[in-house]
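Structure, as structure tokens:
The values are calculated or read from the model by the stated rules, or taken from the named source; none is laboratory data. These figures come from a predicted structure and were not determined experimentally. Methodologically, a virtual Cβ is constructed for each residue, glycine included, from the backbone with ideal geometry; neighbour enumeration extends over all protein chains shown.
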Amino acid sequence: MTNGEVAEVFERIAGLLEMKGEKSFTVRAYQRAARTINRLPSEAADMIARGEDLTAVPDIGRAIADKTAELVDTGRLDFLDRLLAEFPPGIPALMDVPGLGPKTTLRIWKELNVTDLDQLEAAIETGALASLPRMGRKSAENILRAVRYSRSKSGRLPISRALATARQLTGALVERCPDGINVIPCGGIRRFEEEVDEIVLVGVTSSPGIVLDAFSTLSGVANVVARQDTNATVELESGVNVTLSVVAPESKGAAILNLTGSSDHISLLSQRAAELGLKLSQRGLADRSSGAPETFPDEQSLYDRLGLPYMPPEVRQGRDEIAVALSGDIARLVDLYDIKGDLHAHTDWSDGRDPMIAMVQEAKNRGLEYIAITDHSSGRGIANGLSPERLLAHMSQVKEVEQEIGGIRVLRGTEMDIRADGTLDYSDDLLQQLDWVVASVHSAMGQDSTTMTDRIIAAMKNPHVSAIGHLSTRLIGDRKPIEADYDAVFRAAAVTGTALEINGSLERLDLKDLHVERALEFGAMLVISTDAHTTESLDNLDHGVRVARRALCKPVRILNTMPADEFDSWLRLDKTGRTVRLSAND
DNA sequence: GCCGTTTTCGGCCCGACTGTTTTCAGTCG
């Protein structure tokens, strides 16, 4: 069980206890613990396996440590099961609807007799919900939209959870196979799809039987769905299906290529193979007439054989990637090594975990030439946002840290709220003292498209707003994107010289690939940012790069591929002059 | 439920925003 899943359990417990009228301190203790576990630097399961004492972690005491151990060990929690038994079965789904908290859920249950989503929808349509005290037409509409969204949800696995689960399984499998095995997550995970249907693993080994036995009996496996000589599919306790295919080292190339997909990409390759008189399969290529097989130890050699350049997994979407590859453009897509700086990072001044100096040191260790420290503005009260006075102190600390670490430029920044009415959290006077201003929507996300579009464009028109953060505000699998005229926003971004962020946080990936494509068409400038709240999450740069590559984006379209000096001079340009780097041919 | 170390019991105690009100409850991160 991953930290995210453990945290969800404690959030659920907090909500249910609050409905029961439990002491607020108890409720908050569970909420705090959930947040802490979400931010642990390593998996709780691993820590427990290593014999570490979780009660040493702040906010985790005996009770929560024991419950975590039970969850990690068995995938269940007796305490939660007993708690759930006290409520109608539809209640948790109700509480998951954004806009419905414990108080409202309790009220609609007790007063309107609503205990599931269907009854909730009916209660909204009859106006019963809106008639409750402190509810009204607007609240009811927002909740109805959220209900419809949660119904339409695919039930697919968000990439963040898929990756965490795949990593955990891979680690456990390697540990169980002392003879050595190389496990590669393939399928949608490797292509960096934002949601996947199942987890696909490829194990490279010469002892398939032993590996498949170990796989079928890993902790967390609820049952074995299918088992053949070279693969097995299991269902995890979380309901997720995982398939492991085992291959011999000499066939690795064709196997991971086929199991990475996409199926559309593979069929394009098959056509290509057919033109060469070859047949493509999971084992490799075979001559169509003689049947003579060829195996490939890696993907590169297989692409070579087909007369194609290597294509990174994230572009294998079965669209026009082969043509793009043959034109030589695939090799010129943006790469992690092109990124010279990060322009969105938090510290413990607001809601980040680590001190500014640790974030900057880590950025330097990773070879970045610059980093913008963008803690939250005061509008984000709970994120410990910075008042104007604290922002001034923040700016001086940025300069002190820059001096102290040396060898990396540290930008005075902010992630500032765009308020519901389109005004900003800080005055122009304050903003002009900053090097880099990310403006983001964090509230009133249910506004209608026109209001929201106007709101964002108003922020872009401010001469000090450098970039718009996580434009759609979606959380993959959890929160739907805002409604807005995205094309109008992309156009305004290009006209005003405001950059659009590709937020590399796995929960967000925002802009998403399709929006990146569209933004590029409109000539908007992009930045790839981490939105890091911990030193480890500077990894998010890589995620952002993958999103950009899915949109076939080249380095020249990404601002933070500029070396520090060049970026410096660019920043000194008037905003409307900041489009010079781009041309339609890039 | 967590924490402390003047405590193993008693204190802890978010705050801005929205949508509802006409002074504020509930949600959210």
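Residue count for the range A:192-204, restricted to those that are modelled with pLDDT of 90 or more and within 19 Å of A:VAL246 (Cα to Cα): 6.
Apart from one condition, A:THR451 fits all of (1) within 27 Å of A:GLU521 (Cα to Cα); (2) assigned to a helix (DSSP H, G or I); (3) touching a residue at least 12 places away in the same chain (Cβ under 8 Å); the exception is (3).
Residues checked against (1) in the same structural domain as A:LEU434 (by TED's automatic domain parsing); (2) in contact (Cβ under 8 Å) with a residue 40 or more places away in the chain; (3) under 20 Å from the mean Cα position of the chain (by Cα):
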| position | (1), (2), (3) |
| --- | --- |
| A:PHE490 | yes, no, no |
| A:LYS512 | yes, yes, yes |
| A:ALA524 | yes, no, no |
| A:ALA564 | yes, yes, no |
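Tallying residues that are out of contact with any strand residue (DSSP E or B) (no Cβ under 6 Å at 6 or more places or on another chain) and over 19 Å from A:GLY261 (Cβ atoms) within the range A:284-300 yields 6.
Filter the range A:471-510 down to residues that are assigned to a loop (DSSP other than H, G, I, E, B), within 16 Å of DNA strand B (Cβ to nearest atom) and on the phi < 0 side of the Ramachandran plot, then give me how many there are.
14
Here A:GLU43 fulfils each of the conditions (1) among the charged types (D, E, K, R); (2) within 12 Å of DNA strand B (Cβ to nearest atom); (3) at pLDDT below 90 apart from (2).
Restricted to the range A:76-121, and to residues there that are within 12 Å of DNA strand B (Cβ to nearest atom) and β-branched (Val, Ile, Thr), the residue that is nearest to the chain's Cα centre (by Cα) is A:VAL97.
Given the residues A:ALA172, A:ALA140, A:ALA146, which is the only one that is outside the structural domain of A:ILE108 (by TED's automatic domain parsing) and in a helix (DSSP H, G or I)? Within the list A:ALA172, A:ALA140, A:ALA146, the selection yields A:ALA172. Of everything listed in (1) farther than 28 Å from A:MET1 by Cα; (2) surrounded by fewer than 18 Cβ atoms within 10 Å (Cβ to Cβ), the single unmet condition for A:VAL224 is (1). Annotation note: Cβ proximity below 7 Å between a residue of the range A:43-56 that is over 11 Å from A:ALA69 (Cα atoms) and a residue that is of a type in the set (Gly, Ala, Ser) and in a helix (DSSP H, G or I) (sequence gap 6+ or interchain) occurs for A:THR55/A:ALA65.
The single residue among A:LEU100, A:LEU106, A:LEU77, A:LEU71 that is surrounded by 13 or more Cβ atoms within 10 Å (Cβ to Cβ), free of Cβ contacts under 8 Å to residues at least 60 places away in the same chain and in contact with a helix residue (DSSP H, G or I) (Cβ under 7 Å, 6 or more places away or on another chain) turns out to be A:LEU100.
A:ASP454: over 14 Å from the mean Cα position of the chain (by Cα), within 12 Å of DNA strand B (Cβ to nearest atom) and surrounded by fewer than 20 Cβ atoms within 10 Å (Cβ to Cβ), yes or no? Before you say what the answer is, go through the steps one by one.
Numbers: over 14 Å from the mean Cα position of the chain (by Cα): yes; within 12 Å of DNA strand B (Cβ to nearest atom): no; surrounded by fewer than 20 Cβ atoms within 10 Å (Cβ to Cβ): yes.
Judged against the criteria, A:ASP454 is not a match.
When you look at A:ARG35, is it within 27 Å of the chain's Cα centre (by Cα) and within 15 Å of DNA strand B (Cβ to nearest atom), yes or no? Give the steps one after another, and end with the answer.
Details: within 27 Å of the chain's Cα centre (by Cα): yes; within 15 Å of DNA strand B (Cβ to nearest atom): yes.
Here the answer is yes, as A:ARG35 does meet what is asked.
Taking the stated definitions as given, is A:VAL516 over 19 Å from A:GLY341 (Cα atoms), buried (at least 21 other Cβ atoms within 10 Å of the Cβ) and modelled with pLDDT of 95 or more? Show your work before the answer.
Details: over 19 Å from A:GLY341 (Cα atoms): yes; buried (at least 21 other Cβ atoms within 10 Å of the Cβ): yes; modelled with pLDDT of 95 or more: yes.
Yes; evaluated as a whole, the condition is true for this residue.
Just to be sure, is A:GLU517 out of contact with any Pro (no Cβ under 8 Å at 6 or more places or on another chain), of a type in the set (D, E, K, R) and in a strand (DSSP E or B)? Show your work before the answer.
Values: out of contact with any Pro (no Cβ under 8 Å at 6 or more places or on another chain): yes; of a type in the set (D, E, K, R): yes; in a strand (DSSP E or B): no.
Judged against the criteria, A:GLU517 is not a match.
Looking at A:ALA123, A:ALA146, A:ALA140, A:ALA130, just one residue is surrounded by fewer than 18 Cβ atoms within 10 Å (Cβ to Cβ) and of a type in the set (Gly, Ala, Ser), and that residue is A:ALA130. Residues in the range A:57-68 that are free of Cβ contacts under 8 Å to residues at least 40 places away in the same chain, of a type in the set (A, V, I, L, M) and near DNA strand B (Cβ under 6 Å from one of its atoms): A:ILE60, A:ALA63. For the range A:19-37, residues that are touching a residue at least 12 places away in the same chain (Cβ under 8 Å) and over 13 Å from A:LEU84 (Cα atoms) total 11. A residue that is in contact with a Pro (Cβ under 7 Å, 6 or more places away or on another chain), modelled with pLDDT of 90 or more and either more than 16 Å from DNA strand B (Cβ to nearest atom) or not aromatic (Phe, Trp, Tyr) (or both) occurs somewhere in the range A:415-430.
Could you please give the count of residues in the range A:188-219 that are part of a helix (DSSP H, G or I), within 17 Å of the chain's Cα centre (by Cα) and either surrounded by fewer than 19 Cβ atoms within 10 Å (Cβ to Cβ) or not β-branched (Val, Ile, Thr) (or both)? Before the answer, list the steps.
Pass one, the range A:188-219, residues part of a helix (DSSP H, G or I): A:188-191, A:208-216.
With the extra rule that they be within 17 Å of the chain's Cα centre (by Cα), the set shrinks to A:188-191.
If we keep only those that are either surrounded by fewer than 19 Cβ atoms within 10 Å (Cβ to Cβ) or not β-branched (Val, Ile, Thr) (or both) as well, we get A:188, A:190-191.
Total satisfying the criteria: 3.
Among the residues of the range A:122-137, those that are within 15 Å of DNA strand B (Cβ to nearest atom) and in a loop (DSSP other than H, G, I, E, B) comprise A:GLY127, A:ALA128, A:LEU129, A:ALA130, A:SER131, A:LEU132, A:PRO133, A:ARG134, A:MET135, A:GLY136. Scanning the range A:406-437 for residues that are surrounded by fewer than 19 Cβ atoms within 10 Å (Cβ to Cβ) and among the β-branched types (Val, Ile, Thr) turns up just one, A:THR423.
On inspection, A:ASP354 does not qualify as assigned by TED's automatic domain parsing to the domain that holds A:ASN503, acidic (Asp, Glu) and touching a Gly at 6+ places or on another chain (Cβ under 6 Å).
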